[in-house]
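Just below is one structure, and these are the notes that go with it.
What follows draws every value from the coordinates through simple rules; no lab data is involved. Because the structure is predicted, anything quoted here is derived from the model rather than measured. Heads up, the Cβs are rebuilt from the backbone with ideal geometry, glycines too, and the neighbour counts pull from every protein chain shown.
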Amino acid sequence: MNREEKLAQFDRLLTIMDELRAQCPWDREQTWESIRHLTLEETAELSDAILDGDPDEVKKELGDILLHIVFYSKIGDEQQHFDIGDVIDSLCTKLIRRHPHIYGEVKADDAETVKQNWEKIKLAEKGRNEKRSVLDGVPRSLASLVKAYRMQEKVAQVGFDWKSVDGAIDKVQEEWQELRDAATSKEKEEEFGDLLFALVNYARFSGINPDDALENTNRKFIRRFQYIEARAAETDRKMGDFSLEELDAWWNEAKANGL
């Protein structure tokens, strides 16, 4: 589509949203709070489509998320808070402000410098909004693994970081030993959390997104365990009847077969 066609499709979406909000009993009853959980679900479905490498599904799920953006904005307009134009204008203004190497005089020749400038500008914005910490921008509702990664990224941008990966490795080893030495359940839980946090930091230093890495392992586990289930189904025995050694042999078969 050319630009005019894209704008026409966006206008069509806004018209449909107006009609649904006015005429559909379900759409008319919705609030920001009532569709929040649906937005989280749609985001997870988009993530699945991306991990599956399915462009058609990515397109569909992006449409669902766009619908939610328009939906929230329509409700905001009805309540005289803001409309979709205000949302877009705010985004455009922020993008221009946070890319001074494109729209200003700042020099940034690599992605890392761009990230550092972005965080510095964001921190300055928070100062204007009377926020007190670089960590204030990390959403409370983020999954813990992702939250740890984002917190470490943010504090690194303001200098709170190891000088090299060696520091991250040493910290992992230190936390592992403290977990081994923990005596009570409470101590073990605390030290386990510290170890996970240190491992996330090592991953960041190594250019690994820990959430992506864990999700890839989850999907690998599913493939291999389903292979075990399929092999077991070829027999007249139930899964619980097999020894761990027998199940592990099928696991190794799955692994050898590239699953």
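Calculate the dipole size of region 117-199 relative to its Cα centre from +1 charges on Lys and Arg beta carbons and -1 charges on Asp and Glu beta carbons; express the result in debye to the nearest 20. Display every interim value, and only then the final one.
Details: 15 positive and 17 negative charges, 142 e Å.
With only Lys, Arg, Asp and Glu charged at Cβ, the dipole is about 680 debye.
Percent of Cα-Cα pairs per 5 Å bin, from 0 to the last occupied bin, for region 212-256, please list those.
5, 23, 28, 22, 12, 6, 3, 0
Only counting other Cβ atoms within 10 Å, I'd like 239, 1 sorted with the fewest neighbours first.
Values: 239 11, 1 8.
Fewest-to-most Cβ neighbours within 10 Å comes out as 1, 239.
Express the Stokes-Einstein translational diffusion coefficient of the chain in µm² s⁻¹, to the nearest whole number, given a Kirkwood radius over alpha-carbon pairs, 20 °C and a viscosity of 1.002 mPa s.
Reported coefficient: 92 µm²/s.
Angle between the Cα long axis of helix 55-78 and the longest principal axis of the chain, 0 to 90 degrees, nearest 10?
Around 50 degrees separate the two axes.
Any idea how far the Cα center of region 39-97 sits from the one of region 172-194, in Å?
So the separation of the two Cα centres works out to 41 Å.
Decide, for region 105-161, between rounded, prolate and oblate: order the square roots of the alpha carbon gyration tensor eigenvalues as a ≥ b ≥ c, take rounded if a/c falls under 1.5, and otherwise choose prolate if a/b is larger than b/c, else oblate.
oblate
Once you have a ≥ b ≥ c as the square roots of the Cα gyration tensor eigenvalues for region 19-154, tell me rounded if a/c is under 1.5, and otherwise prolate or oblate according to whether a/b is larger than b/c.
prolate
Please state the shape class of region 3-52: rounded when a/c is under 1.5, otherwise prolate if a/b exceeds b/c and oblate if not, all from the C-alpha gyration tensor.
Because a/c hits 1.5 or more and a/b fails to exceed b/c, region 3-52 counts as oblate.
For region 87-166, state which trypsin sites (Lys or Arg not before Pro) are in a DSSP loop and have at most 12 other beta carbons lying within 10 Å of their beta carbon.
Details: sites: 94, 97, 98, 107, 115, 120, 122, 126, 128, 131, 132, 140, 147, 150, 154, 163; in loops: 98, 107, 131, 132, 140, 163.
Here the sparse-neighbourhood loop sites are 107, 132, 140, 163.
Going by alpha carbons, how many degrees (0 to 90, nearest 10) lie between the helix axis of 244-256 and the longest principal axis of the chain?
60 degrees
Helix 210-233 versus the longest principal axis of the chain: what angle, 0 to 90°, nearest 10, using Cα atoms?
50 degrees
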